[in-house]
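Here is the structure we will look at.
The values are calculated or read from the model by the stated rules, or taken from the named source; none is laboratory data. All values reported here derive from a predicted model rather than from experimental measurement. With ideal geometry, Cβ positions are generated from the backbone for all residues, glycine too; neighbour counts draw on all protein chains shown. Areas reflect the complete protein model, heavy atoms only, side chains present, ligands, DNA and RNA absent. Shrake-Rupley method; radii C 1.70, N 1.55, O 1.52, S 1.80 Å.
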Amino acid sequence: MPRQEHQLPEPPESAVEVFDFPAETDPPLRDRPRVRVSRRISDRADVPVSDARAPISESATRRLVGDATASKAVQPLIGRDFVAIGGHRLDAKAGRASAVVLYSYTHQWTVEATRDTDGEWVTRVLRTQPPLTDEEIELVVPLAREAIDADVSGLEVGAMAVMREEPEDPLAGRRLADVRFFPADRRLAAYAAIVDVADRKTVSTGRVEGHDHG
């Protein structure tokens with residue numbers, strides 16, 4: 001008996017939904033928490049929202065950083081060359097009053113220092129790259145602009161912290177800034193530079209592959 005082949009019917013057009021996500025989302029889709037949302041309007045209700053990390057003023061942040069960097073618990077972990085990433089208040093009911101995050105250029109790691117309600121500092125070291133500070137951006141952009149062999153004075157600029165993890169890479173684990181220069185009317189960067197923030201020098205530059213430089 002000959003074998004019969006069967007094909008599934010084409011799905012109706014009304015059952016096919018196409019979602020066109022933008023190329024970039026903030027925050028990234030993969031970082032968005034899953035939440036349950038009721039489909040019935042009657043089940044929805046307003047809820048109070050509060051920031052888990054209460055913001056503090058710039059002057060309070062400076063004082064907090066000063067207290068942390070003067071602590072004997074923090075000093076060995078940050079070395080002589082470091083940058084303050086930021087500070088925030090914590091839940092005093094849990095025995096923690098405030099915290100500060102610093103990046104050590106000396107040791108190439110992030111230090112999170114938490115001060116408890118008794119004034120003692122508790123520290124931990126993280127192998128992560130926090131976002132660039134305004135101070136770091138003001139440092140790396142001129143270095144990148146000077147190193148690029150092209151006139152980028154009329155281009156917009158953006159910078160972000162990156163880290164290489166390949167063991168054989170001489171820059172592995174170091175705090176690097178990826179600096180990109182964009183024409184105002186295009187989404188793709190025209191030129192890019194990698195700056196070693198700790199050494200205050202540009203380690204590589206070039207044109208971005210795929211960009212039409214005219």
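Within region 145-178, count every residue that is touching a residue at least 12 places away in the same chain (Cβ under 8 Å), under 23 Å from T106 (Cβ atoms) and not acidic (D, E).
So the answer is 12.
What number of residues within region 184-211 satisfy the criterion of being open to solvent by 10 Å² or more (accessible area, probe 1.4 Å), at pLDDT 90 or above and part of a loop (DSSP other than H, G, I, E, B)?
Looking only at that region, the number is 3.
Look through A84, A144 and report the one residue that is within 21 Å of A198 (Cα to Cα), assigned to a helix (DSSP H, G or I), small (G, A, S) and within 22 Å of the chain's Cα centre (by Cα).
Sole residue among the options that is within 21 Å of A198 (Cα to Cα), assigned to a helix (DSSP H, G or I), small (G, A, S) and within 22 Å of the chain's Cα centre (by Cα): A144.
Yes or no, residue by residue, for (1) at pLDDT 90 or above; (2) touching a Cys at 6+ places or on another chain (Cβ under 7 Å); (3) open to solvent by 40 Å² or more (accessible area, probe 1.4 Å); (4) of a type in the set (A, V, I, L, M, F, W, C):
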{"site": "R96", "(1), (2), (3), (4)": "no, no, yes, no"}
{"site": "V100", "(1), (2), (3), (4)": "yes, no, no, yes"}
{"site": "A113", "(1), (2), (3), (4)": "yes, no, no, yes"}
{"site": "E136", "(1), (2), (3), (4)": "yes, no, no, no"}
{"site": "V140", "(1), (2), (3), (4)": "yes, no, no, yes"}
{"site": "V152", "(1), (2), (3), (4)": "yes, no, no, yes"}
{"site": "R174", "(1), (2), (3), (4)": "yes, no, yes, no"}
{"site": "F181", "(1), (2), (3), (4)": "yes, no, no, yes"}
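Limited to region 121-136, what total is found for residues that are in contact with a strand residue (DSSP E or B) (Cβ under 9 Å, 6 or more places away or on another chain) and either free of Cβ contacts under 8 Å to residues at least 40 places away in the same chain or assigned to a strand (DSSP E or B) (or both)?
Of the residues in region 121-136, 7 are in contact with a strand residue (DSSP E or B) (Cβ under 9 Å, 6 or more places away or on another chain) and either free of Cβ contacts under 8 Å to residues at least 40 places away in the same chain or assigned to a strand (DSSP E or B) (or both).
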